[in-house]
Amino acid sequence: MTERPTERPTERPSERRATARTGVVWSALEPLLGERPVDVVDIGGGTGGFAVKMAGLGHRVSVVDPSPDALAALARRAREEGVDVAAHQGDLADLTDVVGEGSADLVLCHGVLEVVEDPAAALRTLHGVLRPGGVLSLVVAQRNAAVVARAMAGHFAQALALLDDDAPSGRVGRRFTAGELTVAVVEADFEVMAVHGVRVFTDLVPGSLLDLEPGSTAALAELENAVAKRADFLPLAAQLHVLAARS
């Protein structure tokens, strides 16, 4: 039985919402970490939402991000938590030069593949950074959910245009369907271990409800975890999470 998430009384509303947004991904990653330290590379890891938590569990974590402001915030966060996280300014294009080929047991690439010029080349780079048997955690924006969101907002022409459009657009960049993403991962010589739907309901729930109703965020996180692997809910997810092992 999955342990139900709990809310800490000291958590701010923004922290509780973040837990609901990322809980599915963290639940999938936690079993991979184990008790022995592993080498983790978080590309585009920003302010360290995952990195600091993993470092706190004793793992060796490196964050590569192009933003000096994000890396400064990461350093402050790591200091506050009393952990060490290696921070490098860079992006996916120079990832191998920054961290070295075959240097990681686990690579996080969350919200990055959408904005790179060549996703296939990016996946090959991620493959090269992993050791044999290492695991890639990949999170991307899903196109199906974006179509639904536009239709619900009354932007029917935009929804229609987005149906089969895999070109980068707007702030989010490129969006993927589950089929497109799994094909791209397999073609980069990965073996797909699992596909999860992320934020199936979270983006639809008013923030005021989560702020005012005690226990609502924990209940929402439990619901998200319950539907994350169900194929019938996958098209509704705002994001897709793929775990894939290097062959």
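The values are calculated or read from the model by the stated rules, or taken from the named source; none is laboratory data. What you see is a predicted model; the values in this text were computed from it and never measured. Backbone-built Cβ (ideal geometry, glycine too); neighbour counts: all protein chains shown. Surface accessibility is based on the protein's heavy atoms, side chains included, excluding ligands, DNA and RNA. Shrake-Rupley method; radii C 1.70, N 1.55, O 1.52, S 1.80 Å.
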Exercise for review: Quick one: plug the Kirkwood hydrodynamic radius of the stretch 27-160 (C-alpha pairs) into Stokes-Einstein at 25 °C, 0.890 mPa s, and report D in µm²/s.
Suggested key: 155
Review point. Any idea what % of Cα-Cα pairs in the stretch 84-174 are farther than 14 Å?
Key: 70
Study note, to complete from the structure: So the pair-distance distribution of the stretch 100-247, from every Cα-Cα distance in 10 Å bins, comes to percents of 11, 36, 32, 16, 4
Exercise for review: Using per-residue counts of other Cβ atoms within 10 Å, averaged over each peptide, order 95-105, 73-83 from highest down.
Suggested key: 95-105, 73-83
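Would you mind telling me the share, in percent, of accessible area of the chain contributed by carbon and sulfur at probe 1.4 angstrom?
53
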Review point. Summing -39500 (n - 2.57) over the DSSP H runs of n ≥ 4 in the chain and dividing by its residue number, what mean residue ellipticity at 222 nm do you reach, to the nearest 500 deg cm²/dmol?
Key: -12000 deg cm²/dmol
Review point. Can you give the accessible area per residue of the chain, in Å², using a 1.4 Å probe?
Key: 51
Point to revise | DSSP bridge orientation in the chain - percent antiparallel, rounded to nearest 5 | key: 45
Check your understanding: With every protein chain left in place, what is the accessible area of Leu236 in Å² (1.4 Å probe, nearest 10)?
Key -> 90
Review point. Over all Cα pairs of the chain, how is the pair count split among 5 Å bins, expressed in % and running from 0 up to the last occupied bin?
Key: 1, 6, 13, 17, 19, 18, 14, 8, 3, 1, 0
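Using a 1.4 Å probe and counting only protein heavy atoms, arrange Ser67, Ser208 so the residue with the most accessible area comes first.
On the way: Ser67 40, Ser208 70 Å².
The ordering from most to least exposed comes out as Ser208, Ser67.
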Point to revise | Protein-only accessible surface order, largest first, of His59, His110, His155, His88 at 1.4 Å | key: His155, His88, His110, His59
Check your understanding: To the nearest 10 square angstrom, how much accessible area does Met193 have with a 1.4 angstrom probe?
Key -> 90
